[in-house]
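In what follows, a single structure is set out as C-alpha cells and then discussed.
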Amino acid sequence: MTDDAGTALGTLTRAGLAAADADAWWQARPVLRGEFEADALVCWQHWARSQQLLSCLPSKPQRRAHEAAAAQTLLTAAAATREAFLVQHVVDLYARLTSQHTRFLPVHELVYAASALVPGLTPTPAQVTSEACLRQADKDGIEFGQGVLLAHVLAQAQAGLHLCQAMLLPRPESLAQLHQLQATGSIDLGAASVETVGAASWVTLKNPKTLNAEDQNTIDAVEQAVDLALLDTRAGVAVLRGCHIDHPKYAGRRVFCSGINLTDLYHGKIPYLWYIQREMGFVNKLFRGLAYADRPADEVSGATLEKPWIAQLDSFAIGGGCQYLLATDYVVAGSDAYLTLPARKEGIVPGAANLRLPRFVGDRLARQLIMMERQLDCASAEGRLICDEVVAPDQVEAAVADVVARMTSSGVVSAAANRRAFRVAHEPLDLFRRYMAVYARDQAACHFSPALISNLEAHWQAQTRRT
C-alpha cells in the first residue's frame, strides 16, 4: 500500500466508514485511456462510489473533525478526477453537447446537459436543488464542478467563443415580449422595466426593498430588459438607472444599485451559476450588444446588435452597480454620489472589474478599489475618471436627457462602429473569453470558501440578518 493510499484509507476509516468500502473506493480510482465513452464510464463508477461514501457521513453542519476530513478527501478525489477527464475530453464533450457547434446552450443548460451525458461530471438539477435550501456554510459545494467545466470550456478558443456567443443571444422570452414593448411603449418585468421615450429606451432597476441589490430574483428580469432595449429599433440609445426608493434615508430619490445581496449570499440563496449568467449575459450585452445566431460575435469577423448605453448614477454604485458603469459608454452622476467595489470584504471576485477598471483609473488605483475597498466620490478627481458628468443631485435626470439629445442629434449610425473599435483596442471578445476561463474557476472557489462566510459575518453581520 502506498503512503497516499494509507493516508486516504485511514482518513475514511477513522470517520467510521467500512474498511472494505473504503478500499473498494480506492481500488476503483479511474485510469483514463483517452477514449470518451470508456473514460466516462470508469469516472462515473468512481464518482458514484465517492457519492455513496459521502452519503454515509452526517450532513456538513453535524460532521465532527474526522468526518469533515473524510468528506474533504472524497470531494477532493472526485474533483481531481473531473479535472483529469476534462483535460482529455472537454473539446469532444462540448462538441457532443452542442451537436458539433450547431446549437447554442446557455450556461445553465450546458452544465445540466453535461450531467446527463456524463453522469457525475457536474451535479444534476435535483442535487443542486437539494443544497439550495441550505445556508452557504452548510453546503458541500457540489456546484464547484460546474465552475470547473465552464473554466475548461472557456479555456478552449473555439468552444469558449461559441459559449460566449450563446450567452449574447437574446433570450426567447425577450423576443416574445418585443411586440408588447413596441405596441405600448413600455413593459414591466417585475425587477426591471423598459420604457421607450423618443430616442431612448430607459431601463429601470426595481428592487427597492434592498436598495436595488442584485439577487436570484432580479437577474432574469434585468437581462430581458437589456435585451428589449437593444431590440427596440425605435431607440438609438439606452439609459440604465435605478428606481425611486422609499427607504427613510433615500425617500423619494433614485438609487442606482447596491450590488449583490449579501444576506442572500450568506443564506445560500445565490447559486454559483448566477455569477456566470450575470457576467456573460446582461453585463456583457451592455458592453457588446446582442449576438446573431448565424454569424460570430467577435469584433473582427462577426457582428452584434448594439447601441450606446448611458448610466444615470443616483446616490451610489456599490459592487455590481459599479461594474455596470464600466460596461456603459457615458456616466452622469449626482455630486453626492459615490462608488465602491468592496470585493475584499465580500470575499468574491468583482465580475469583470479586474479586466475593465484599470482602463479607467489605472492599475494602482484599481487595486486600491478592489483589494483595499477604497471609496470614490463621484465629484472627486478620481471619481471623474469613471463619471463623465457630475451635476447637482436634482439635475441628474435633466442632464441625462440632455446627453440623450446630444448623442442622437446627428444620428447614431457610427455608434456601433466606434464601440467596436474601442473593444478591438481594449477588450476583444477573445480576451473576455480568457478572463472568464479564470473567473469561472476562481469565483467558484471563492463562492464555497470558508473565508466568504467569515467575511460576511465580520463585515456584514450576515448571521443576524434575515432574507
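Brief remarks follow.
- Per the listing 326, 286, the residue uniquely more than 23 Å from residue 173 (Cβ to Cβ) and either under 18 Å from the mean Cα position of the chain (by Cα) or of a type outside the set (Phe, Trp, Tyr) (or both) is 326.
- All positions within region 425-438 that are surrounded by 14 or more Cβ atoms within 10 Å (Cβ to Cβ), over 25 Å from residue 86 (Cβ atoms) and either without any contact (Cβ under 8 Å) to a residue 24 or more places away in the chain or not acidic (Asp, Glu) (or both): 428
- Total residues in region 184-217, condition surrounded by fewer than 24 Cβ atoms within 10 Å (Cβ to Cβ) and in a loop (DSSP other than H, G, I, E, B): 11
- All of (1) surrounded by fewer than 24 Cβ atoms within 10 Å (Cβ to Cβ); (2) touching a strand residue (DSSP E or B) at 6+ places or on another chain (Cβ under 6 Å); (3) not in a loop (DSSP other than H, G, I, E, B) hold for residue 356 with one exception: (2).
- Listed by first and then second residue, the pairs with beta-carbon distance under 6 Å, at least 6 apart or on different chains, first residue in region 117-134 and touching a residue at least 60 places away in the same chain (Cβ under 8 Å), second assigned to a helix (DSSP H, G or I) and among the hydrophobic types (A, V, I, L, M, F, W, C), are 118/40; 119/44; 120/44; 120/47; 121/114.
- Single match in 28, 80 (criterion: assigned by TED's automatic domain parsing to the domain that holds residue 142 and within 32 Å of the chain's Cα centre (by Cα)): 80
- Sole residue being part of a loop (DSSP other than H, G, I, E, B), in the same structural domain as residue 271 (by TED's automatic domain parsing) and hydrophobic (A, V, I, L, M, F, W, C), chosen from 229, 225, 235: 235
- For residue 181, the test of being hydrophobic (A, V, I, L, M, F, W, C) and either surrounded by fewer than 23 Cβ atoms within 10 Å (Cβ to Cβ) or farther than 27 Å from residue 110 by Cα (or both) is passed.
Residue-by-condition table, conditions (1) without any contact (Cβ under 8 Å) to a residue 24 or more places away in the chain; (2) within 27 Å of residue 176 (Cβ to Cβ):
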{"site": "209", "(1), (2)": "yes, no"}
{"site": "216", "(1), (2)": "no, yes"}
{"site": "230", "(1), (2)": "no, yes"}
{"site": "259", "(1), (2)": "no, no"}
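- Condition met for residue 130 (out of contact with any Gly (no Cβ under 8 Å at 6 or more places or on another chain), modelled with pLDDT of 95 or more, over 30 Å from residue 99 (Cβ atoms) and of a type in the set (Gly, Ala, Ser)): yes
- In region 89-143, the qualifying residues are those that are in contact with a His (Cβ under 6 Å, 6 or more places away or on another chain) and not in a helix (DSSP H, G or I), and the one that is farthest from residue 441 (Cα to Cα) is 101.
- If the condition is being surrounded by fewer than 21 Cβ atoms within 10 Å (Cβ to Cβ) and assigned to a loop (DSSP other than H, G, I, E, B), then region 334-346 contributes 335, 336.
- Residue count, region 30-53 (criterion: touching a residue at least 24 places away in the same chain (Cβ under 8 Å) and not in a helix (DSSP H, G or I)): 3
- When residues of region 4-29 are limited to those that are part of a loop (DSSP other than H, G, I, E, B), in contact with a helix residue (DSSP H, G or I) (Cβ under 7 Å, 6 or more places away or on another chain) and at pLDDT 90 or above, the one surrounded by the most Cβ atoms within 10 Å (Cβ to Cβ): 15
- If only residues of region 410-452 that are under 30 Å from residue 463 (Cβ atoms) and of a type in the set (S, T, N, Q) are counted, the one that is nearest to the chain's Cα centre (by Cα) is 443.
- Within region 246-259, the set of residues being surrounded by fewer than 21 Cβ atoms within 10 Å (Cβ to Cβ) and among the aliphatic types (A, V, I, L, M) comprises 251 only.
- Residue 403 meets the conditions (1) under 27 Å from the mean Cα position of the chain (by Cα); (2) assigned to a helix (DSSP H, G or I) in every case but one. The failed one is (1).
- Residue match in region 384-395 (condition: surrounded by 18 or more Cβ atoms within 10 Å (Cβ to Cβ) and part of a helix (DSSP H, G or I)): no
- Being farther than 26 Å from residue 122 by Cβ and either under 23 Å from the mean Cα position of the chain (by Cα) or surrounded by fewer than 19 Cβ atoms within 10 Å (Cβ to Cβ) (or both) is a condition met by at least one residue of region 260-274.
The values are calculated or read from the model by the stated rules, or taken from the named source; none is laboratory data. Quick caveat, the model's predicted, so the values are computed rather than measured. Note: ideal-geometry Cβ built from the backbone for every residue, glycine included; neighbour counts use all protein chains shown.
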